[in-house]
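Asks: Before I ask anything, let me first share the structure, which is written out below as structure tokens.
The values are calculated or read from the model by the stated rules, or taken from the named source; none is laboratory data. What you are looking at is a predicted structure, and each value in this text was computed from that prediction instead of being measured. A quick note on method: Cβ atoms are made from the backbone with ideal geometry, for glycine too, and the neighbour counts reach across all protein chains shown.
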Amino acid sequence: MKDIYATPSWRAGPVRLADHIELCALRSPRRRFSAGDMIANLDRREDEEEENFERPVSEAFQELAERIEHLGSARGLYPFELRGGDELRARREARRPDGGCLYLFLLLATTLNMRDQRWHAELDGAELFERLSAEVARRYLGGPDDPRVGALVFGTSRAGDVHSDESPTGSTRFEAAVNDLCQRLGEGGHFRPRTDRSVRARDDKLDVVVWRGFSDRRGAKLVGFGQCKTGTAWGPELPRLNPDAFCRRWFDAPPAVTPVKLFFLTDRVREDFIHHGIEAGVLFDRCRVLDYADRLPRELVSKCALWARTAATTVGLSL
């Protein structure tokens, strides 16, 4: 099991250090963690000069301040508060009701090993994040009250045994999912693979679809194709979803307007944001996800909170 409390190198960067400070504040009996505590925890074998640790720790606390700022009107979902710019305190009241656990859900889905630790309370954390991303995307385009805005989770919308590629009708589950997507979008026609080989695709990197249509229900509208990633090893995934290639590869007739690319992360992105966005499209990091996490379905919020609390218990945290 991954040790999420292992102190990162002072060279790890502000985001990794800030995540560590948040976890340590939750773990501390005092429910707080200071810049001095962080400096004391850093490995002296890396550098014998303690003053060399001060700048990266200061940048980590600046990152924590920016998280609060970037949450905008959702800052009430942040379960910590900064005191004096160099001490982070966990706020118990911020985790009630369940919506206060959304940040902790994203934090744990970033710091845990989501290959081996994605299931808690019989809930799949990666699937929950896909559902959360779909709801966030819906709100980004003006939902959820506008009936012209729709969203779906592409991969998990396929019912049945996830280990089987066959649908009840005999077609592949991927084919059934593409046909369902075309019907919902009112574009694309139907599944028509541009290959002579047997179709082995599960989702072809497509996790979430969102659209903003018109009352006439015709094509030529705004559509977004999104990919969702937990953990910290998301860099190589940024360019892999190609909406234009997906439509030309699997649709009978590509949409009139190529879908916009979206990328959802549980992680926090601080540096190279524009560089990452060039490859990823509209980029939703941890704070941007929560920025549009208003009026979520109660059932989804409760499941995210249950997953977070159960995952926290397995690593010795009491939320």
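Asks: Collect the residues in segment 157-178 that are surrounded by fewer than 19 Cβ atoms within 10 Å (Cβ to Cβ) and at pLDDT 50 or above, keeping them in residue-number order.
Replies: 171
Asks: Of all residues in segment 264-286, count the ones that are more than 16 Å from residue 66 (Cβ to Cβ) and in a loop (DSSP other than H, G, I, E, B).
Replies: Residues that pass the stated criteria total 2.
Asks: Quick one: how many residues across segment 282-310 are in contact with a Phe, Trp or Tyr (Cβ under 6 Å, 6 or more places away or on another chain) and without any contact (Cβ under 8 Å) to a residue 60 or more places away in the chain?
Replies: Counting residues in segment 282-310 that are in contact with a Phe, Trp or Tyr (Cβ under 6 Å, 6 or more places away or on another chain) and without any contact (Cβ under 8 Å) to a residue 60 or more places away in the chain gives 1.
Asks: Let me ask you something else. If I filter segment 247-264 for residues that are surrounded by fewer than 23 Cβ atoms within 10 Å (Cβ to Cβ) and either of a type in the set (S, T, N, Q) or assigned by TED's automatic domain parsing to the domain that holds residue 20 (or both), do I get at least one hit?
Replies: Scanning segment 247-264 turns up at least one residue that is surrounded by fewer than 23 Cβ atoms within 10 Å (Cβ to Cβ) and either of a type in the set (S, T, N, Q) or assigned by TED's automatic domain parsing to the domain that holds residue 20 (or both).
Asks: Then there is this: Determine whether segment 113-126 contains at least one residue that is touching a residue at least 24 places away in the same chain (Cβ under 8 Å), part of a helix (DSSP H, G or I) and on the phi < 0 side of the Ramachandran plot.
Replies: yes
Asks: Determine which single condition residue 317 fails, assuming it passes every other condition in (1) of a type outside the set (Lys, Arg); (2) out of contact with any helix residue (DSSP H, G or I) (no Cβ under 8 Å at 6 or more places or on another chain); (3) at pLDDT below 95.
Replies: That leaves (2) as the condition not met.
Asks: Which members of segment 113-127 meet the condition of being modelled with pLDDT of 95 or more and buried (at least 22 other Cβ atoms within 10 Å of the Cβ)?
Replies: 125
Asks: Name the residue, out of 289, 260, that is of a type in the set (A, V, I, L, M) and closer than 24 Å to residue 68 by Cα. Break it down stepwise before answering.
Replies: Details: 260 fails: closer than 24 Å to residue 68 by Cα.
The conditions single out 289.
Asks: Right, another one. Can you tell me which of (1) hydrophobic (A, V, I, L, M, F, W, C); (2) touching a Leu at 6+ places or on another chain (Cβ under 6 Å); (3) in a helix (DSSP H, G or I) is the one residue 301 doesn't meet?
Replies: Every listed condition holds for residue 301 apart from (2).
Asks: Scan segment 90-112 and give yes if some residue there is crowded, with 21+ Cβ neighbours inside 10 Å, within 21 Å of the chain's Cα centre (by Cα), part of a loop (DSSP other than H, G, I, E, B) and modelled with pLDDT of 95 or more, otherwise no.
Replies: yes
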